Amino acid sequence: MTSQVPGGPRRRQRGELAEYIGTLAAMATATVPCLVWRARLTTVDVAMVLLLGVVVVAARYRRGPALLASLLSIAAFDFLFVPPYYTFDVHDGAYLLTFVVMLAVALTMSHLTGQILEHALEAEERASRASAVASLNTELLDATGRDEVLDALVRHVAATVRGPVSTLAAEELERDPAAWTPPTRELLATVPESVAARMAHGGGQSAGPGTPRCTDSEVLVVPLRTATHRFGLVAVRPEPPDRLPLVAEVATVEALADQAALTLERTLLAEQHQQARAEAEAERLRSSLLSSLSHDFRTPLATIEGAASGLIEEGGALTAEGSRDLAATILEESRRLARLVSNLLNMIRVETGALAVQKSWQPLEEVAGVALLRVEEQLAGHEVSVDLPPHLPLVPVDELLVEQVLINLLENAAKYTPPGTPVSVTAWEVEGAVCVEVADGGRGVPAGAEESVFRKFYRAAGTAGEDGAEAPGGSGLGLTISQGIVTAHGGRMWVEHRPGGGAAFRFTLPLVGPRIPAPPPGRDAVASHG
């Protein structure tokens, strides 16, 4: 049975020589005391002491030293303790049976103890291999990509077999060896090594030293493969160069490679699953976009077409007021169409991660003031209040994007609350950020829909107006886009139910960077809008 301690042939030979020297020393230790007290000991006592020496040798060393100890015990017993002394002549035939029994017992004991030692070494090797695989598996649990898996494998293989370690991807094996990546190219530089690499990859079995394949190679090559995938190979050159890797080392490297291959397969399957989900989501998004376009775009286009046709066909018969009404309808529906297109483009930017945030330190009241002016017409029937403390610090934001967030929230409040209900814009400073709230006095968000309102194309039922008609629903993208913009700023957005009824949409804007205090008192701030 091979030792678990790495070592070359010379070290192994020195280890075997030390065992035989130890055997001689152990048998001499058992024999000399018996020889000193030979006159006082019986032959049975001497035989037991010599057998004890055989047991000690068999327990510590392998079968060869144990067999030598058995033969030495019989020779010493016959030569030193059986008359006539110092000869191998046996005058008393009764000693022949003693020799036979003693030899049989010594051989049996050496065999049994050798088996126990081999089983112990095998168990130790299995435990060491299991520990190495468990350690690698623990590290692979946190691995998220191919490079992390291969880096962990290289470290653990290097800890098992001392020497340079490298990996080679399956696609690289299809190229000429001169085109391989530098670490592997140097490791598999010669023809025997490159042949071993191709044999290991093609045959799915280890090749090189310590294996029955490509024994002229100085590099051990182990394939990285599962039942369904081939990922490449791992190669290690044992050091010193004349050292052959032990059977236990080869088995450990193979176990590590198998574990890494399973993790690579799991990572590949996860990526394929993620890609399939992304494709399904993209298909669902396309279907939803087509549905949204066919519904939301058709209404303003039809209205614009009808108003324009009226102006053309009835232009001479219309009064000035009628012409203005039709022109106002065209303008309103054109703006609505522009908002729909803008929301769709912004949604695409949010989904693809192309939303560029250009931050600068801005006073929040200016951003809020511009947003209120943009939605002045929609909020005409609401009482709007703004509470922005004068000591509020400047915030690092993209003013156009945050302005769009406020516009979406204010339009949402105007669309889903009855006329005459209050709408408020409030802000205050929290730890490391500024929190902004847009609240209304409507019926609020349906229970359980606090997260759903931020999903794409989620539409709540319209709010009945004074004439009993349902207010028109939107494209279902405004809140999704707003949340994406806030997230791109490093903040978060959520909705809460107001105690007196209505919904309060809140979002945070982190104060990242050197803090800039509020402008000096006396600067006009947005106070109210009605």
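Which order do you get for W428, W494 if you rank them by accessible area with a 1.4 Å probe, largest at the top? Don't jump to the answer; show the numbers that get you there.
On the way: W428 85, W494 50 Å².
Ranking W428, W494 by accessible area, largest first, yields W428, W494.
The phi torsions of region 51-60, fed into the Karplus equation with coefficients 6.51, -1.76 and 1.60 and a -60° offset, translate into couplings of 5, 4, x, 4, 5, 4, 5, 5, 6, 9 Hz, rounded to whole numbers, with Gly and Pro shown as x. Rolling a 1.4 angstrom probe over region 27-83 with all protein chains present gives an accessible area of which 74% lies on carbon and sulfur atoms.
Computed over region 22-93, the percent of Cα pairs more than 16 Å apart is 44. In this structure S342 has an accessible area near 40 Å², from a 1.4 Å probe over the protein heavy atoms.
On a 1.4 Å probe surface of the protein chains, which of E218, E365 comes out largest in accessible area, and what is the full order?
Numbers: E218 95, E365 35 Å².
Largest accessible area first, the residues go E218, E365.
Within the full protein context, the accessible area of Y20 is estimated at about 90 Å² for a probe radius of 1.4 Å.
With every protein chain in place and a 1.4 angstrom probe, the accessible-area ranking of E451, E249, largest first, reads E451, E249. For region 398-451, the carbon plus sulfur part of the accessible surface works out to 53%, probe radius 1.4 Å. So how much accessible area does K359 have, in Å² to the nearest 10, using a 1.4 Å probe? We get 90 Å² for K359.
Close amide H partners of D387, meaning residues 5 or more places away or on another chain with modelled amide H under 5 Å apart, are V425, T426, A427.
Solvent exposure of region 322-441, expressed per residue, is 46 Å² of accessible area, with all protein chains present and a 1.4 angstrom probe.
The values are calculated or read from the model by the stated rules, or taken from the named source; none is laboratory data. Bear in mind that the values here come from a model prediction, so they are computed numbers and not experimental data. Remember, those area values only see protein heavy atoms, side chains included, never the ligands or the DNA or RNA. Shrake-Rupley method; radii C 1.70, N 1.55, O 1.52, S 1.80 Å.
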